[in-house]
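Here is the structure we will look at, set down as structure tokens.
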Amino acid sequence: MTDKRIIAVVGATGAQGGGLVRAILADATGGFAARALTRKPDSDKAKELAGQGAEVVGCDIDDAESVKKAFAGAHGAYCVTNYWEHFSTDREMAQARAMAAAAKSAGVKHLLWSTLEDTRKWVPLSDDRMPTLMRRYKVPHFDSKGDANHVFTDAGVPTTFLLTSFYWENLIHFGMGPKKGPDGKLAFALPMGDKKMPGIAVEDIGRCAYGVFKKGGEYAGKTIGIAGEHLTGAQMAASLGRALGKEVLYNAVPFEVYRGLGFPGAEDLGNMFQFTHDFADYFCGARSLALSRALNPALQTFDQWLAKNKSRIPLE
Ligand SMILES: NC(=O)c1ccc[n+]([C@@H]2O[C@H](COP(=O)([O-])OP(=O)(O)OC[C@H]3O[C@@H](n4cnc5c(N)ncnc54)[C@H](OP(=O)(O)O)[C@@H]3O)[C@@H](O)[C@H]2O)c1
């Protein structure tokens with residue numbers, strides 16, 4: 001048994017939760033222990049976390065009883081859902097309910113819910129600037145997370161609502177990096193016009209989350225947003241060009257074109273970019289760089305992230 005305060009981390013084998021587990025383990029005298037939750041305790045990723053000092057516990061957030069067992073004895077919990085695995089808002093809501101109920105029953109003192117805006121508060125379904133998707137959403141993967149915020153409040157669990165930002169890793173894993181055009185030149189396509197978009201190195205999400213846990217209850221009951229930088233598409237293209245040593249043009253794709261790209265989630269993401277663009281002042285304002293850096297002094301800028309990751313960006 002540990003006398004450290006245990007943080008149960010959902011998504012520990014993934015990007016957000018993995019960053020938090022590593023941040024906890026890196027701070028040996030911080031007073032926290034990492035409990036890494038996964039459906040696959042025998043996977044290589046889970047074994048790697050165990051090797052680094054995390055307690056690995058089997059847990060499926062689709063199974064409410066397993067979440068209860070996995071949260072038992074925890075001081076804190078980091079809760080994240082993976083919409084892109086199933087594309088189901090109902091499933092995301094059920095997972096949030098299971099995590100909130102488990103946290104309540106375990107007497108968790110502080111929970112972080114990795115959330116996003118319910119964009120329908122800004123763009124009601126009747127607003128036809130963007131199409132309504134799945135009959136009841138504008139940006140399904142945002143709206144369902146924002147919609148689930150009340151589940152944690154209703155359960156009476158002290159919760160910090162953590163608004164995350166666009167991962168710069170999308171340039172590596174999500175096919176969003178610069179691509180060669182017919183003229184042979186690299187172009188970075190982003191439907192953001194000339195507006196700024198908050199972005200972050202995903203490892204910094206976990207580090208910021210750890211900073212929130214370290215502050216005790218200071219942010220319980222509050223919504224905070226984090227980002228590494230707020231940049232325009234043109235600024236990102238210029239940084240990419242400097243890092244790669246090649247000219248990278250910015251292609252401000254129209255929202256409508258992006259929505260029509262045909263890959264799973266293209267309409268959802270097209271609407272997301274339009275929301276981020278149309279409400280850029282709000283959206284950037286809700287993701288404070290100063291607070292992010294205060295929570296995580298190692299916060300990376302886009303240029304710093306590129307210096308480490310440029311060779312991982314596929315340039316077809
Ligand atoms: N890409 C972006 O720019 C961006 C920005 C902001 C927010 N987001 C949001 O981030 C979320 C995904 O987080 P991520 O990027 O950290 O995920 P990720 O790297 O894709 O990994 C998914 C994690 O979720 C766990 N998981 C999924 N279903 C589970 C279940 N039923 N029970 C237990 N664990 C489960 C997986 O664990 P096991 O497989 O080991 O069980 C894995 O650790 C999405 O909902 C997305 O909307 C993305």
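The values are calculated or read from the model by the stated rules, or taken from the named source; none is laboratory data. Here the structure is a predicted model, which means the values were calculated and not measured. Every residue, glycine as well, gets a Cβ built from its backbone with ideal geometry; the counts of neighbours run over all protein chains shown. Protein only, heavy atoms only, side chains kept; ligands, DNA and RNA dropped before computing areas. Shrake-Rupley method; radii C 1.70, N 1.55, O 1.52, S 1.80 Å.
Distance distribution P(r), the chain, all Cα-Cα pairs, bin width 20 angstrom from 0: 33, 58, 9, 0 percent. Taking a probe of 1.4 Å, how large is the accessible area per residue of region 148-228, in Å²? That works out to 36 Å² per residue.
Give me the number: length gained by fully extending VAL257 to ALA26, i.e. 0.36 nm times residue separation minus the C-alpha to C-alpha distance, one decimal in nm. Don't jump to the answer; show the numbers that get you there.
Working: separation 231, 0.36 × 231 = 83.16 nm, distance 4.38 nm.
That pair, VAL257 and ALA26, stretches by 78.8 nm at full extension.
Database remark: amide H of MET134 closer than 5 angstrom to no amide H (H placed geometrically; neighbours at sequence offset of 5 or more, or on other chains; Pro and chain starts carry no H). Accessible surface ranking for SER105, SER144, SER311, 1.4 angstrom probe, highest first: SER311, SER105, SER144.
Run the helix sum for the chain: -39,500 (n - 2.57) per DSSP H stretch of 4+ residues, divided by residue count, reported at 222 nm to the nearest 500 deg cm²/dmol. Here the helix-only value at 222 nm equals -11500 deg cm²/dmol. In region 73-137, Cα pairs under 8 Å separated by at least six residues give a relative contact order of 41 percent.
Could you give the Stokes-Einstein D for region 80-175 in µm² per second, using the C-alpha Kirkwood radius, 4 °C, 1.567 mPa s? Rounded to a whole number, D works out at 90 µm²/s.
Under 19 Å from a point placed 7 Å out from the Cα of LEU315 along the Cα-to-Cβ direction: which residues of region 162-201 have their backbone N that close? Correct set: 168-190. Subtracting the Cα-Cα distance of GLN304 and GLU48 from 0.36 nm times their residue separation leaves 89.6 nm of extension gain.
The overall shape of region 274-316 is oblate: from the C-alpha gyration tensor, with semi-axes ordered a ≥ b ≥ c, the ratio a/c is 1.5 or greater and a/b is no larger than b/c.
Karplus-based coupling profile of region 89-98, in residue order and whole Hz: 5, 5, 5, 4, 5, 5, 5, 4, 4, 5, with θ = phi - 60° in 6.51 cos²θ - 1.76 cosθ + 1.60 and x standing for Gly or Pro. Taking a ≥ b ≥ c as the square roots of the eigenvalues of the Cα gyration tensor, region 131-210 is oblate, since a/c reaches 1.5 or more and a/b is not larger than b/c. If a spin label sat at a point 7 angstrom from the Cα of ARG136 along the line to its beta carbon, the backbone N atoms of region 143-157 nearer than 16 Å would be those of 143-151. When a 1.4 Å probe is rolled over the protein heavy atoms, the share of accessible surface on the chain that falls to carbon and sulfur comes to 53 percent. Name the aspartates and glutamates eligible as straight-distance cross-link partners of LYS145: C-alpha to C-alpha under 18 Å, and not fewer than 8 places from it in the same chain. Excluding near neighbours in sequence, the set is ASP62, GLU85, ASP90, GLU92, GLU117, ASP118, ASP154, GLU267, ASP268. When only Cα pairs below 8 angstrom with a gap of at least 6 residues are kept, the chain shows a relative contact order of 17 percent.
Hey, what did region 25-166 get for relative contact order, percent, Cα under 8 Å, at least 6 apart? Could the numbers behind the result be given before it?
Numbers: 223 pairs, mean separation 30.1, N = 142.
Relative contact order of region 25-166: 21 percent.
Say the cut-off is 27 Å between C-alpha atoms; which of LYS4/LYS222; LYS138/LYS308; LYS40/LYS121; LYS109/LYS195 go over it?
Details: LYS4/LYS222 25 Å; LYS138/LYS308 35 Å; LYS40/LYS121 37 Å; LYS109/LYS195 39 Å.
Over 27 Å Cα-Cα: LYS138/LYS308; LYS40/LYS121; LYS109/LYS195.
The residues of region 42-119 have, on average, 43 Å² of accessible surface per residue, using a 1.4 Å probe with all protein chains present. Between amide H atoms placed 1.01 Å from N, distances below 5 Å from TYR78 occur with ALA8, VAL9, VAL10, LEU112, all of them 5 or more places distant or on a separate chain.
Name the shape class, rounded, prolate or oblate, that the alpha-carbon gyration tensor gives for region 235-298, where a ≥ b ≥ c are the square roots of its eigenvalues, rounded holds for a/c under 1.5, and otherwise prolate holds if a/b is larger than b/c and oblate otherwise. Note, shape of region 235-298 comes out oblate.
Net charge around PRO198, counting only other residues with Cβ within less than 15 Å of its Cβ (Lys, Arg = +1; Asp, Glu = -1)? List each step's numbers first, then the result.
Working: positive: LYS195, LYS196, ARG287, ARG293; negative: GLU117, GLU169, ASP204, GLU229, ASP278, ASP281.
In short, -2.
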